[in-house]
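Take a look at the structure set out below.
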Amino acid sequence: MITFQQPPIGALSTQPAVIATPIVERMADRVLELGMNGTAVTKDSLYEHTDFTREEIDKHAPEACNLARARAVRQQG
């Protein structure tokens, strides 16, 4: 006789795919967030208010700021 075993409730048959957000994307999001909160975004303020290291900021900040500018939506009127 064939019997089937049910997996435990909540068990996954495969591991969920973990999609890591690139550091530039995360940094751009934080730059936008800080800017929207009225904080002047500098390398020092980015270091103080986030978990990025100074090396990461030095390496990725120009690209992240350009991306943040492109994502910013300005409403006039």
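The values are calculated or read from the model by the stated rules, or taken from the named source; none is laboratory data. All figures in this text were calculated on a predicted structure; none of them were measured in a lab. Here Cβ is always computed from backbone atoms with ideal geometry, including for glycine, and neighbour counts include all displayed protein chains. Ligands, DNA and RNA are stripped out before the accessible areas are found, and what is left, the full protein with its side chains, is counted by its heavy atoms. Shrake-Rupley method; radii C 1.70, N 1.55, O 1.52, S 1.80 Å.
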Out of the stretch 22-40, which residues are open to solvent by less than 70 Å² (accessible area, probe 1.4 Å), within 13 Å of Leu67 (Cβ to Cβ) and in a loop (DSSP other than H, G, I, E, B)? none
State the number of residues belonging to the stretch 43-77 that are open to solvent by less than 70 Å² (accessible area, probe 1.4 Å) and in a loop (DSSP other than H, G, I, E, B). 4
Using beta carbons and a limit of 7 Å, which pairs, at least six apart or on different chains, have the first residue in the stretch 63-74 and free of Cβ contacts under 8 Å to residues at least 12 places away in the same chain and farther than 16 Å from Lys43 by Cβ and the second one surrounded by 12 or more Cβ atoms within 10 Å (Cβ to Cβ) and of a type outside the set (S, T, N, Q)? none
Selection from the stretch 26-77 of residues more than 15 Å from the chain's Cα centre (by Cα) and among the aliphatic types (A, V, I, L, M) yields Met36, Ala40, Val41, Ala70, Ala72, Val73
What are the pairs with Cβ atoms under 6 angstrom where one residue, in the stretch 42-56, is of a type in the set (Val, Ile, Thr) and the other, located anywhere, is in a helix (DSSP H, G or I) and loosely packed, with under 14 Cβ neighbours inside 10 Å? Sequence gap at least six, or different chains. none
